[in-house]
Amino acid sequence: MSRIGSCDFIPTTDSPRGFYVLSLQSTRQCEGICSTLLGWFAVELQSGRVFNWNVGQWELGAELSPER
């Protein structure tokens, strides 16, 4: 969690029904051009389950399993 710096949400009107879509950004510091993007994710409203989100295809990806 200490590596997550911020997140950006897609408006509910643009997200698939029953999901919040968001991107997570890291706290990474670098010189020059770099990305802080950790990934895009979709959170199911009813269950809280988290899935990868395919931005290019604008579709739900595989469910992420919690670390044990």
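Of the residues making up the stretch 15-54, those that are under 19 Å from GLY5 (Cβ atoms), surrounded by 12 or more Cβ atoms within 10 Å (Cβ to Cβ) and of a type in the set (A, V, I, L, M) are VAL21, LEU22, LEU24, LEU37, LEU38, VAL43, VAL50.
The C-beta contact set for the stretch 36-48 (first residue outside any strand (DSSP E or B), second residue surrounded by fewer than 13 Cβ atoms within 10 Å (Cβ to Cβ), distance under 7 angstrom, 6+ apart or interchain) comprises THR36/ARG28; LEU45/GLY18; GLN46/GLY18. For the stretch 9-31, the set of residues classified as farther than 22 Å from GLY48 by Cβ and small (Gly, Ala, Ser) consists of SER26 only.
Considering (1) in contact (Cβ under 8 Å) with a residue 40 or more places away in the chain; (2) open to solvent by less than 70 Å² (accessible area, probe 1.4 Å); (3) not aromatic (Phe, Trp, Tyr), the lone condition that GLY61 does not fulfil carries the number (1).
The values are calculated or read from the model by the stated rules, or taken from the named source; none is laboratory data. All of these numbers come straight from a predicted model, not from anything done at the bench. Ideal geometry is used to build each Cβ from the backbone, glycine not excepted, and the neighbour counts take in all protein chains shown. For the accessible areas, the whole protein counts, side chains as well, though only heavy atoms, and no ligand, DNA or RNA atoms are used. Shrake-Rupley method; radii C 1.70, N 1.55, O 1.52, S 1.80 Å.
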